[in-house]
Structures are given as structure tokens and as C-alpha cells.
Amino acid sequence: MLTVREAHDQDADPLIALIAGVFAEYPGCVMDVDGELPELRRIASYFREHHGEFWVAERAGQVVGCIGYTPSSDPGGIELKKLYVHASARTHGLGGQLVDRVEAAARARGAGFIDLWSDTRFTTAHAFYERRGWVRGPTTRELHDQSETVEYYFRKAVTR
């Protein structure tokens, strides 16, 4: 049985394992928690402090998915963050359920749009977003991290 719940800071280890597993699917993606993703060690506190929310999905006690949001840097919207789904849980609707939570949160907050940034290597994720009405913009950004990440920008208007 799959359950989605608010994340706790104690989810750090299984969350790190989930994201490390997804990164391992892509050549050149490096997982450096303490150097580049320290928020994973206290995920619930981090998102609360940044006026957002974060959820994890569990199946049989194992974290198999996650997602969160914070206010967008562009006023009037929110930014989707850290959508990751374990390979064993993909193509069963979990990604859609998680995105639905962020979209509901956007409506509840009166947000007009949702932004997100996605690694250019995550082509399956890009197709998923586009099927759900996200539009990729012309902007990219370089993170200057160990993975040499370049990200695409996406936006989706929130319908009430």
C-alpha cells in the first residue's frame, strides 16, 4: 500500500538514498549531500523555514517518492522542488499524485503559476511535465556543481 505524508527531519537517510538512486541512473550526476544538498539532512525544517511544504511517499515502509514547494522567486507563484520517484514506483501514477499535491497547494495559496527547474539530463521527467501542461521556457541555468548541472526552466499556470 502506498501512502503520502508530510516529511519529517528523520526521513533524511531514506530520502538521501532515494535521490542518490535516481542520480545514479544518469551519467555524471554526483550526490554530495553535505556540500550541495545539506537541506536533505533536515528536510521538513528546511521547507517550513522557507514557507513551503514537503512530502514523502512510502510503500512497505520504504520511501519511494518525494516532492515539495517553496514560494517562487517571481512573486505570485510557487516553485516545485525535488520530485523524485524510485524506478520501481514509476509509471503507476505516483509522480502525478505528488504533482497534484503541489498544484492543490498552489491553488490554496492563491498562486497564479508553478515554476520548476529540471536537469537537462532528466528527459523522461521533461516529457512527464509537458504532458501535464508545463511549458519549457527559453531559459537555462548552470549550477556550477560537481555534476556540472544545466537546468531547463518550466512553468505551469494554475487553474482554479
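Here are V30, V99: which of them is among the β-branched types (V, I, T), closer than 19 Å to E151 by Cβ and surrounded by 19 or more Cβ atoms within 10 Å (Cβ to Cβ)?
V99 is the lone residue from the list that is among the β-branched types (V, I, T), closer than 19 Å to E151 by Cβ and surrounded by 19 or more Cβ atoms within 10 Å (Cβ to Cβ).
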* With (1) free of Cβ contacts under 8 Å to residues at least 24 places away in the same chain; (2) closer than 24 Å to R136 by Cα as the list, and A106 as the residue in question, which single condition is left unmet? -> (1)
* Members of region 30-59 that are within 20 Å of L94 (Cα to Cα) and acidic (D, E) -> E53, E58
* Restricting attention to region 90-147, which residues are among the small types (G, A, S) and either touching a Gly at 6+ places or on another chain (Cβ under 9 Å) or closer than 25 Å to A24 by Cα (or both)? -> G93, G95, G96, A105, A106, G110, A111, G112, S118, A125, A127, S147
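Read-outs: derived from the displayed coordinates by stated rules, not from any lab. The model shown is predicted, which means the values in this text are computed figures rather than measured ones. Cβ sites come from the backbone with ideal geometry, for glycine too, and all protein chains shown count toward neighbours.
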